[in-house]
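Visitor: One structure, pasted below without further comment.
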Amino acid sequence: MTSQAFAVRRVSFAQFELTKTPKSIIRSKKCLLNFPSYSGINTISPLRPGAVSLSSTGSTQKQQSQHTIINQKREFHSNHNHKSPKSLLKISSLLFTSKRLASTLAMASSDGLSETLHAVTRIKLDQLAKQTGSYESAKRSLLEDADAEIDSRKRTRLLINGAENLPTMTSLKQNPTVPLQNVRKFTLQSERDPSVSEGFLEDYEKMIRDELDVQSNKYSFAMLYGQLVNEWISVGKKGNGEGSEAGADWVPVGREEMHKQRATWEDYVFTEKKVDTEAIKAYLEDLFTNNPSKEVRLAFEDFRDKMKNLQKHWNNSPFDVTTVSSTIKTLLRIDVINDKKKSTLKGFLGNDVVLKEIADVLNMRMASRKSFTWEGVSVVEQRRQLNGRYRFFPDEDLLQTIFIQYTGLRWATQLRASLKQFITTYNVLKSVPGSITEEQLQDRNMKLGMKVRNKHTLEKYLTDHWMDEIFLDQLPEDMFEQRGGYSSDSQEGDTRSSSLAVVQKLLRIVQSEIIIRRKLEKDTTVIRSDFKWFGPSIPHASIFAVLEFFGVEEDWIQFFRKILEAPITFIEDIDASPRPRQRGIPIGVPIANFFGEALLFCTDFAVNQKANGARLYRLFDDIWMWGGKDTCSKGWSALTEFAALTGLEFNEEKTGSVHIYSDRNKKVETHHAGLPGGDVIWGFLKLDPVSGFFTINTAKVDSHIEELSLQLNACKSVFDFTQAWNIYGARFFRTNCGKASVCFGRQHVDSMLETFQRIQQKIFKSATGGVGEHLKQMIVDRFGVTDIPDGYLYFPVKLGGLELQNPFVDLYLIRDSFHQDDPYQLMDEFFKAEDREYSRQKERFESRKKAGDAKAAKLQGLEFLSREEYGSYREETSYELLETFRLLTDEPLEIGVDLNGEVRAGLNISVVGGSKGRDQWKNYDKWIFQLYAKEMMKRFGGLKIVDEGLLPMGLMAMLRQSRFKWQG
């Protein structure tokens, strides 16, 4: 922005700029900034009479405006220091209830966006049409002249000279594949040298004519690309602006289910749930302050002290440019904020003037935190997720959102750090019974000649993994960490694994543990569950009972209560009277995670204390537990006890248990006393109690195939169809089938290949070429363009393709990298290696006994460990078992295709950076290039379909960043 506070600067969108200052910025002399209510931000209080409004002109306006802001800040701090609480409340109300800030950015980036997109696209397409017409006209004239020339040498020379002067998309003078200068020399040579034959010249003439056709193809597909973008914009404008427009034949997907889920959500959120808070506190007393372990009691008092210190030393002026910027960046990574407000927030970043003013306002709000009142109404938008569930996202005042985001991050970070210190205190967490004793360990180490305990063991790995990646997963390690959510992969710059990556790794650990335990002749029980409608169903009284027990003081309890009891209405019921939330927490924001994790941490500790030292693998309300049957039964009992006490219910659809016998000949029992009934499922996976492997649930897959078909049929633009397929047809199915791993085996990859084959066969019954052929037909029907090469569909956007995803390629890249067909073979190899190591250690022991030194004297009269003793406590002693476990959890390596010389050369031409250009392409891309290279090079003279400068690439990037809205 300009140096004027809150003046509007240019808003850059890729290669386009909106520079006009909207009239809505400058209102009356009574208000510094009187932005319309749709902006989503409350800001500075109205000015006194005589204040000058801000604009992009005039230093007088700038100085007077900044002077006014300074006076307002002084007035606030004066009142804050000397006025009564009632006066302070009045000032705070005045300060934060004025008209909303920064609508200009939001409007410029959304309402004005469509018109700008249309205008820029229209200009590019018009210019492209002129260039295409000019080229085709000149080309036609040149070919007519050449066809009229009888002499082959003159005809070739005519084509050379004419081709060099044509308005081609790419210059033919610098094109190494069409060396016109060489052909000119060869033609001159042919006038006297009989070795340069007529046939030789005819070949070069054909080469030139083919290159002219290549240029025609480039222009033709550049025009098509522009038309596809224009179609996407138009459909979005007519429809919902974020996704596809439903046609007359569209059957609303899940409308009945949408209304049912809304009714259920409202029943939870607007109905208070009574719980016995005294009983909850008594339960916590027994668990923590009256725990038989002195270490637990002392460590918990330290934890309480840390929570009190956080409140005692709370910074009431924490905001500056850096803090506001960092907080905004965390907001941009979550799905709660809609696209319009994300555009507004992005406009703030990098503009220190705006960020400084926002920081000042937020510091004022923080200083008056004890008199905090909720601004406006939380307007809920119901969005359909690919798993069929609807989620309920709030649309709230942006400044308030930033304020609560920071506050939530501060509390969440401190809670994680304090609880982690609590549980890592010596002897706070119980160990699993049957663990090796210190005496046994010392005897073993002496006989093996080890001075210190082996830290590279499976048990140590699992403990560290649970502590670092599972424990309080939803709370940030670092306050402003960058992290992807449950529905997104990690991105460049992330400081922590995404929630999706964490759960995928957990699945691999569960499967690997089953394999290892089975080969170690141990039965394995696995429990999987989550809480029913967890977010909307949590009783507020349960949250406050836990927070009070943890040492959160009354003023903060009241602050949290105002956040939780925010007035709510639905976006389609905007005129209805808002109702306060009586139950549940907001969705997807740090303060909600703080509430949820504080409550459910008690289950983590209760399971450990009451279930033989078990670890509860809990990712927010997503619960996993495995081990011995007795341990899991006690763990499940602890969970059900806490759920009943705090007013929570388990989701029966996702709750189940499996008992896997080490002896495969034992008959599988369908139910075990003390364990929940039902299957162990995640996504499309179901744990088979007989094989002990996760298998793909075809019935669940088929239900989503039907849904995918409906969503694809609802798409009214080619780009919508492509995006829907990429997100749903490729990524969603691949993710929910589980990420391929050594522990799942090659059969898992083959099952996924069969799944994707069935998807294409069921949805594209009439198209033998599957999704690609269907997409080609869409283009033919809409734009009349035929003979579309397959590579055009699958090549990346940066080369002018549509970037349609082929899910088969990713799987074939890894299928041949499995060294064993059966993952259990890795355990067989482990046992052989252990036998060899035992023999080596036994020989070493005997040699040490004969050494004649002081150490040898201690070994006299001792026998080496028996084979059974050596193999005992492997999880706590064996480095080799850890290495086997790591091999099992590994993802298979990709084995790509070999690029031939033409493709390598084509990539060097296509990508800036010369020979280094190949390095930026993934193995998936290289497979696609090599697969379609022959046809693409013939049609386009290389791998680049269209010159980037002729395409609306900036528009493409912007549209792809917007959230895809699923129908229904």
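Bear in mind these aren't lab numbers, they're just calculated from the coordinates by the rules spelled out. What you see is a predicted model, and the numbers here were worked out from it, not measured in a lab. Heads up, the Cβs are rebuilt from the backbone with ideal geometry, glycines too, and the neighbour counts pull from every protein chain shown.
Visitor: Near residue 312, which lysines are there with a Cα under 30 Å away, not counting those fewer than 8 places off in the same chain?
Guide: Straight-line reach from residue 312, under 30 Å: 73, 83, 86, 90, 281, 294, 329, 356, 370, 420, 562.
Visitor: Continuing with the same structure: Calculate, axis by axis, the spread of Cα positions in the stretch 118-238 along the three principal axes, and write the results as whole Å, longest axis first.
Guide: Projected onto the principal axes, the Cα atoms of the stretch 118-238 cover 67, 27, 19 Å.
Visitor: Still on this structure: Measuring from label point to label point, each 7 Å out along Cα→Cβ, what is the residue 491 to residue 757 span in nm?
Guide: Placing both labels 7 Å along Cα→Cβ, they lie 3.7 nm apart.
Visitor: Check residue 390: other-chain or 5+ apart residues with amide H under 5 Å from its amide H, H built from backbone geometry?
Guide: It is 385, by chain and number.
Visitor: Can you tally the lysine pairs in the stretch 118-238 where the Cα-Cα distance is under 19 Å and the two residues are eight or more apart, or on different chains?
Guide: Final tally of qualifying lysine pairs is 14.
Visitor: In Å and from the alpha-carbon atoms only, list the Rg and Dmax of the stretch 715-837.
Guide: Every Cα atom of the stretch 715-837 included, Rg and Dmax give 19.4, 71 Å.
Visitor: Stretched out fully, how many nm does the piece from residue 272 to residue 699 gain, at 0.36 nm a residue minus the Cα gap? Each step should come with its number before you reach the end.
Guide: Values: separation 427, 0.36 × 427 = 153.72 nm, distance 3.77 nm.
Additional length available on full extension: 150.0 nm.
Visitor: With θ set to phi - 60°, apply the Karplus curve 6.51 cos²θ - 1.76 cosθ + 1.60 along the stretch 579-589 and write out the HN-Hα couplings as whole Hz, x wherever there is a Gly or Pro.
Guide: For the stretch 579-589, the Karplus curve yields 10, x, 5, 9, 7, x, 10, x, 9, x, 10 Hz.
Visitor: OK, next. Tell me which residues come under 5 Å, amide H to amide H, from residue 966 once H is placed; ignore anything under 5 positions away on its chain.
Guide: For residue 966, whose amide H was placed from the backbone, the distant partners under 5 Å are 384.
Visitor: Also, I was wondering about something else. Using the Karplus curve 6.51 cos²θ - 1.76 cosθ + 1.60 with θ = phi - 60°, work out ³J(HN,Hα) for each residue of the stretch 367-379 in order, rounded to whole Hz, and write x for Gly and Pro.
Guide: In residue order, the calculated couplings are 5, 9, 4, 5, 10, 4, 10, 6, 8, x, 10, 7, 8 Hz.
Visitor: Roughly how many whole Å is it from the C-alpha centroid of the stretch 395-448 to that of the stretch 765-798?
Guide: About 53 Å separates the Cα centre of the stretch 395-448 from the one of the stretch 765-798.
Visitor: Hey, got a sec? Which trypsin sites (Lys or Arg not before Pro) in the stretch 131-193 land in a DSSP loop and have at most 15 other Cβ atoms within 10 Å?
Guide: Numbers: sites: 139, 140, 153, 154, 155, 157, 173, 184, 185, 192; in loops: 173, 192.
Of the trypsin sites (Lys or Arg not before Pro), the ones in loops of the stretch 131-193 whose Cβ has at most 15 other Cβ atoms within 10 Å are 173, 192.
Visitor: With a sphere of radius 13 Å drawn around the Cβ of residue 456, what net charge do the other residues whose Cβ falls strictly inside it have (Lys, Arg +1; Asp, Glu -1)?
Guide: On the way: positive: 453, 455, 460, 874, 886; negative: 459, 464, 875, 876, 880, 883.
Residues near residue 456 contribute -1 overall.
Visitor: Another one. Give me the lysines in straight-line cross-link reach of residue 686: C-alpha distance below 22 Å, same-chain residues under 8 apart excluded.
Guide: Partners within reach: 505, 519, 522, 532, 629, 654, 666, 667, 700, 739.
Visitor: Another one. How far apart, in nanometres, would the label points at residue 286 and residue 184 be if each is projected 7 angstrom from Cα along the Cα-to-Cβ direction?
Guide: 9.6 nm
Visitor: Ok, one more. Mind sorting 281, 765 by how few other Cβ atoms lie within 10 Å of their own Cβ, fewest first?
Guide: Neighbour counts put them in this order, fewest first: 765, 281.
Visitor: Long-range amide H contacts for residue 651: which residues qualify at under 5 Å (H placed 1.01 Å from N, peptide plane, sequence gap of 5 or more or a different chain)?
Guide: 530, 531, 532
Visitor: Same structure again: State the percent of C-alpha pairs, over all pairs in the stretch 289-419, separated by a distance greater than 24 angstrom.
Guide: Working: 3811 of 8515 pairs.
Pairs farther apart than 24 Å: 45 percent.
Visitor: Here is a further query. Give a residue-ordered list of calculated ³J(HN,Hα) values for the stretch 934-948 (Karplus: 6.51 cos²θ - 1.76 cosθ + 1.60, θ = phi - 60°; whole Hz; x for Gly, Pro).
Guide: Along the stretch 934-948, the couplings run 4, 5, 5, 5, 5, 7, 10, x, x, 8, 8, 6, 9, 5, 4 Hz.
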